């Protein structure tokens, strides 16, 4: 199976401490015969809201890999005992047969089209113009279906437009999304909140 994991390191962690997390992952991958497909660093971000510890910033790191499910239990164990980690997440992306497409579709959220303004053709991540999204909502038309894109937890701009200033997620009757895309959006928002990319209490996003 293909999986992705992202973790957030304390902003005051030393380079040695960051490397220790990466080395722990590398050891787990090697022990379980996993293949690393993508590694990326998203840089230091200001959280959408402070972490429970009071921290307001963290350095985001990302890995995509192919391996057996039991590997994830070991990764989780190693993450939980590391005091330099603020947040982490492990997600199943798909089957081995879809590896090429899954890897191709990965975009660094800092560089995706959604991080700026997308053109009329849409694109990966689902940024796009807010007026266009609102127009689809008023027409009860699914914006994601029309643009042939999907909400991605890694890029809060792809779903923050579905959250109001009080943190309430727009239901399908308001957003105009199909049931499938509404579920995907809800899931992306939940994951984004877990990783402090979007606030639980508003529609503020990490920056």
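Taking (1) in contact with a strand residue (DSSP E or B) (Cβ under 9 Å, 6 or more places away or on another chain); (2) closer than 25 Å to residue 158 by Cβ in turn, residue 76 satisfies each apart from (2). Out of all the residues in segment 162-177, is one or more without any contact (Cβ under 8 Å) to a residue 24 or more places away in the chain, closer than 23 Å to residue 87 by Cα, touching a helix residue (DSSP H, G or I) at 6+ places or on another chain (Cβ under 9 Å) and not in a loop (DSSP other than H, G, I, E, B)? Yes, some residue in segment 162-177 is without any contact (Cβ under 8 Å) to a residue 24 or more places away in the chain, closer than 23 Å to residue 87 by Cα, touching a helix residue (DSSP H, G or I) at 6+ places or on another chain (Cβ under 9 Å) and not in a loop (DSSP other than H, G, I, E, B). Is it the case that residue 88 is in contact with a helix residue (DSSP H, G or I) (Cβ under 6 Å, 6 or more places away or on another chain), at pLDDT 95 or above, within 21 Å of residue 108 (Cβ to Cβ) and outside any helix (DSSP H, G or I)? Against the criterion (in contact with a helix residue (DSSP H, G or I) (Cβ under 6 Å, 6 or more places away or on another chain), at pLDDT 95 or above, within 21 Å of residue 108 (Cβ to Cβ) and outside any helix (DSSP H, G or I)), residue 88 qualifies.
The rows are residues; the columns are (1) assigned to a loop (DSSP other than H, G, I, E, B); (2) surrounded by 13 or more Cβ atoms within 10 Å (Cβ to Cβ).
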site	(1), (2)
5	no, yes
13	yes, yes
19	no, no
24	no, yes
38	no, yes
42	no, yes
45	no, yes
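Of all residues in segment 45-65, those satisfying the criterion of being on the phi < 0 side of the Ramachandran plot and out of contact with any strand residue (DSSP E or B) (no Cβ under 8 Å at 6 or more places or on another chain) are 49, 50, 52. Scanning segment 190-207 for residues that are part of a helix (DSSP H, G or I) and surrounded by 23 or more Cβ atoms within 10 Å (Cβ to Cβ) turns up just one, 192. State yes or no: is residue 120 more than 30 Å from residue 85 (Cβ to Cβ), modelled with pLDDT under 95 and not in a helix (DSSP H, G or I)? Answer is yes for this residue.
The values are calculated or read from the model by the stated rules, or taken from the named source; none is laboratory data. Being a predicted model, the structure only gives us computed values, none of them experimental. Please note: Cβ atoms are built from the backbone with ideal geometry, for glycine as well, and neighbour counts cover all protein chains shown.
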